[in-house]
Amino acid sequence: MIYCMSDIRGNYNGFKNILSKIHFKDTDTLYVLGNVIDGGEGSMKLLLDMMMRENVYPVIGEHEYAAIGCLSLLMNDADDVDLAGLSHEKMERMADWASMGGQQTIKEFRELSDEQREMVVDYLSDFSLYEEAEAGGRSFVMVHAGIGNFAPDKELEEYDIRELITQPADYSKVYFEDKYLVTGHTPTRKIYEDQNPLIEKTPEGGSSPYDKIYTLNNHVAINCGSCIGGRLCAVRLDDMKPFYED
């Protein structure tokens, strides 16, 4: 079976809960569509767990993109980094990532051994820009956020990384007539709310009846707002069945 998750955001217990719920086996495949880290207190546990599984394929999100350059600065002597000696550009990158929730991830990274730090940085650097799969007689394109500046005749490898990790999909638009576009990034409650002005917007931190997958217009949106009061979700692409965190 082939599964997708996204935007776990350091929720290691939720990740394990989902794997248990889907009875994830070595013969299954799991695609994780970015934003694995930051937010919760289990980012390093998640990465160390995922990298040991040959059947888990991570796609880069904006949080991983922000982390890669910053964590490389903390590779050695992570407790004694001379921030004053960093260039203005690197200081800005560290500050930007911290404002995105990177502070907790930095704390966890500093608690790792030197060998584990190197493994984590190498693993993050190997996250793919996109993935494609066939399941249940359907074809799927998987990216973190969307496909910015989309053109039907443009190959996926021609897109800039920022077009795939920071520019949200337009969920009113069909990108591929013969494929499903699977995305995280945008909480599904926001998609439902934007498309129906009669739906009352949910304050951040609260749960919503619209913390569920969205599957219109050849989209499969799977970020069900785990980090804003919603729940973590996995979708089985073979039959489009969702599984939600308890």
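Taken together, the values in this text are just the output of simple stated rules run on the coordinates, not laboratory data. The structure presented is a predicted model; accordingly, all values stated were derived computationally and were not measured. Cβ: placed from backbone, ideal geometry, glycine included. Neighbour counts: every protein chain shown.
List the Cys residues of the chain that have no partner Cys with a C-beta closer than 4.7 Å.
Cys4, Cys70, Cys227, each lacking another Cys Cβ under 4.7 Å.
What is the distance in Å between the Cα centres of the stretch 193-224 and the stretch 1-58?
Here the answer is 22 Å between Cα centres.
Quick one: if the Förster radius is 22 Å, what FRET efficiency do Asp126 and Lys154 give, using the C-beta to C-beta distance and rounding to 0.05?
Numbers: r = 24 Å, r/R0 = 1.11.
Plugging the Cβ-Cβ distance into 1/(1 + (r/R0)^6) gives 0.35.
Using the basic label-point model (7 angstrom from Cα toward the beta carbon), what is the Ala95 to Glu177 distance in nanometres?
5.0
Rounded to the nearest 10 degrees, what's the angle between the helix 62-72 long axis and the longest principal axis of the chain, both from Cα atoms, 0 to 90?
20
What is the dipole size for the stretch 2-244, taken about its Cα centre, with +1 at each Lys and Arg Cβ and -1 at each Asp and Glu Cβ, in debye to the nearest 20? Intermediate results must be reported in sequence, preceding the final value.
Details: 23 positive and 42 negative charges, 236 e Å.
With only Lys, Arg, Asp and Glu charged at Cβ, the dipole is about 1140 debye.
Let me know the Kirkwood hydrodynamic radius for the chain, please, with Cα pairs as the basis and the value in Å to one decimal.
Details: mean 1/r = 0.0540 Å⁻¹.
About 18.5 Å for the chain.
Would you tally the net charge around Asn17, using a Cβ to Cβ cut-off of less than 9 Å, leaving Asn17 out, and scoring K and R as +1, D and E as -1?
On the way: positive: Lys16, Lys21; negative: Glu245, Asp246.
After counting each charged neighbour, the total is 0.
Applying a 10 Å radius around every beta-carbon, put 60-67, 138-145 in order of their mean neighbour count, most first.
By packing density, highest mean first, the sequence is 60-67, 138-145.
Pull up the cross-link candidates among the aspartates and glutamates for Lys154, meaning alpha carbon to alpha carbon under 16 Å and not fewer than 8 places away within one chain.
Of all the aspartates and glutamates, those that pass the test against Lys154 - Cα under 16 Å, at least 8 places apart if same chain - are Glu131, Glu132, Glu163, Glu177, Asp178.
Ranked highest first by average number of other Cβ atoms within 10 Å, how do 43-50, 185-192, 154-161 line up? Numbers along the way, then the final one.
Details: 43-50: 20.5, 185-192: 22.4, 154-161: 11.4.
In decreasing order of mean packing, 43-50, 185-192, 154-161 become 185-192, 43-50, 154-161.
Quote the FRET efficiency, to the nearest 0.05, computed for Met119 versus Ile161 with a Förster distance R0 of 25 Å and r equal to the Cβ-Cβ distance.
On the way: r = 23 Å, r/R0 = 0.90.
It comes to 0.65.
Can you give the helix-only mean residue ellipticity at 222 nm for the chain, where every DSSP H stretch with n ≥ 4 adds -39500 (n - 2.57) and the sum goes over all residues, rounded to the nearest 500 deg cm²/dmol?
-8500 deg cm²/dmol
For the chain, with the dipole built from +1 on Lys and Arg beta-carbon atoms and -1 on Asp and Glu ones, taken about the Cα centre, which of Val120, Ile60, Val32 lies farthest toward the positive end?
Val32
Would you mind calculating the gained length between Lys241 and Asn196 on full extension (0.36 nm times residue separation, minus the Cα-Cα distance), in nm to one decimal? Write down the numbers at each step before the final one.
Values: separation 45, 0.36 × 45 = 16.20 nm, distance 2.38 nm.
Taking Lys241 through Asn196 to full extension adds about 13.8 nm, to one decimal.
Quick one: helix 88-97 against the long Cα principal axis of the chain, what's the angle to the nearest 10°, folded into 0 to 90?
50
Size of the dipole of the stretch 1-70 about the Cα centre, Lys and Arg at +1 and Asp and Glu at -1 on the beta carbon, nothing else charged, in debye to 20?
Numbers: 6 positive and 9 negative charges, 48 e Å.
In debye, rounded to 20, the stretch 1-70 gives about 240.
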